[in-house]
1. Could you tell me the calculated FRET efficiency between Asn91 and Phe119, based on Cβ-Cβ distance and R0 = 30 angstrom, to the nearest 0.05?
2. Want the number for Glu69 to Tyr392: 0.36 nm per residue separation, take away the alpha-carbon distance, what's left?
3. Taking H as built 1.01 Å from N, whose amide H comes closer than 5 Å to the amide H of Ile72, not counting residues under 5 places away?
4. For labels at Tyr269 and Asn36 in the simple 7 Å Cα→Cβ model, what's the distance in nm?
5. Using the 10 angstrom Cβ neighbour count as an exposure proxy, how do Met347, Met373 rank, fewest first?
6. For the pairs Lys25/Lys129; Lys264/Lys294; Lys205/Lys368; Lys84/Lys129; Lys25/Lys159; Lys110/Lys159, note any where the Cα-Cα span goes beyond 20 Å.
7. What angle, in degrees between 0 and 90 and rounded to the nearest 10, separates the Cα long axis of helix 27-37 from the longest principal axis of the Cα atoms of the chain?
8. Tell me the net charge near Thr416. Cut-off is 15 Å between Cβ atoms, Thr416 excluded, with +1 for each Lys or Arg and -1 for each Asp or Glu.
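Nothing in this text is a laboratory measurement; each read-out follows from the coordinates by a stated rule. Not measured: the values here are computed from a predicted model. With ideal geometry, Cβ positions are generated from the backbone for all residues, glycine too; neighbour counts draw on all protein chains shown.
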Amino acid sequence: MMKKPFLIVLSLMALPGLCAAQDYKTFRTEIEEVRNVARLRFGPLRFVPTLQLRDVGYDDNVYYRNVDESPIGDYSAAISPGVKAYLPVGNSLLLSFRENPEYVYYAREKKLRAFTNSFSPAVRLNLLKRFTLSGEYHFERHLRRAYNEFAGNVTDTVKGYSVSFFFETPRGSALGFSGKVDRFGYEDAAFLDRNLGLSRALNRKETSGNAGLYYRAFSDSDLFLLVGYTQYNFDYPAFWVRDAHSYQASWGIRFPLAGRARGKLSLGYKNFVPELEGRKRFSGLIADSGFDIKFGRFDIRLGLTRNTVFSYLEGSYYYVDSRGNAGLSLYLTRLFRLDYDYQSGGMNYPEPFDVQVPGSPPELIMRKDTYGMHSAGLTVRIFRTTGLSLSYNVYGRKSNAPGFEIRRNFVGLSLTQNF
């Protein structure tokens, strides 16, 4: 009885990206998970604690400096405990609250140290066993290299709220609408004099609405179709020329959080339209997929991500970030596992980029960056499906624009709940 709920908890801890991407969950599914998984209780409250430990090791280029500069190395660690509390009220109301503090430590580069916190209260109301009304407020704050374009860690903040209304069937299918309003804010973690430029270029409000269909095709898997619209409005008047809107549709299949196959396969189409005439539009494929499947002693991981991202460089506006990843794990014994992962991607800038090389006249080029990362390691099982991983990571980025070539090596420990 305990095995499946325990695996679900560990999957939630180990795959935050995939969990966030799972989108809509029916009221019946969530209330059953709460009753089966949240075994820690205090009165009517139920709790699911989590713990993440990562990047405990040495980084030889903490500021992601260009190879022509002098990289700075340092020892680092990040610890992130968390808890989600639930309060079921009868069979039709569910209140929840999520809290997730995080501390990032650097031994010598003290200005990179940071304590951040994220939290989210939510409420779900089920009417007539068929209609579910949901509301949520979220505040997310992290110190990280949020986008591949960033030359180092940035403190990014996302705060906003979302609402949804869905019709649900007893089989687990759902049809409905959702809306969300988010405000994005960015600060340079190390160089405060860059904050004004970073904030002016990226701080914005995003308002989106979506219609979604989730069809229960198998016992624990869903086929889905999402259609939506997003409006982008920048905070600083000088950057209102960046305002835009987009239409997007995506479809695919979601797998359960625990089991032989996990994650999501998703492809879609997006039409990104700048408000200012003359700006380059984007129309094309988008993807948000992360898939994990086990065969005997092997664990295979595949992923594909593609979307538009606003650039912090004033003259660049946005770029298309495309990346794919593949990984393979081999279980040597019940206690030891070998891991290897590879990621390759590129950033394509659709508008000319102004290049200034000392001693040469300015030149406009169509900038294109490519990057890749290799990761190899050994994981030791320490408790049930919890393991401690030691890995060596090599990251590299090249660009046809000078000053954007990066090499980085990192060796360290992390805690995984997916052994």
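1. According to the calculation, E is roughly 0.65.
2. Here the segment from Glu69 to Tyr392 would lengthen by 114.0 nm.
3. Amide H neighbours of Ile72: Val62, Tyr63, Arg65.
4. Reported label-point gap for Tyr269 and Asn36 is 3.8 nm.
5. Numbers: Met347 23, Met373 18.
Going from sparsest to densest Cβ surroundings: Met373, Met347.
6. Lys205/Lys368; Lys84/Lys129; Lys25/Lys159; Lys110/Lys159
7. On a 0 to 90 degree scale, this one is about 80.
8. Summing Lys and Arg as +1 and Asp and Glu as -1 gives +2.
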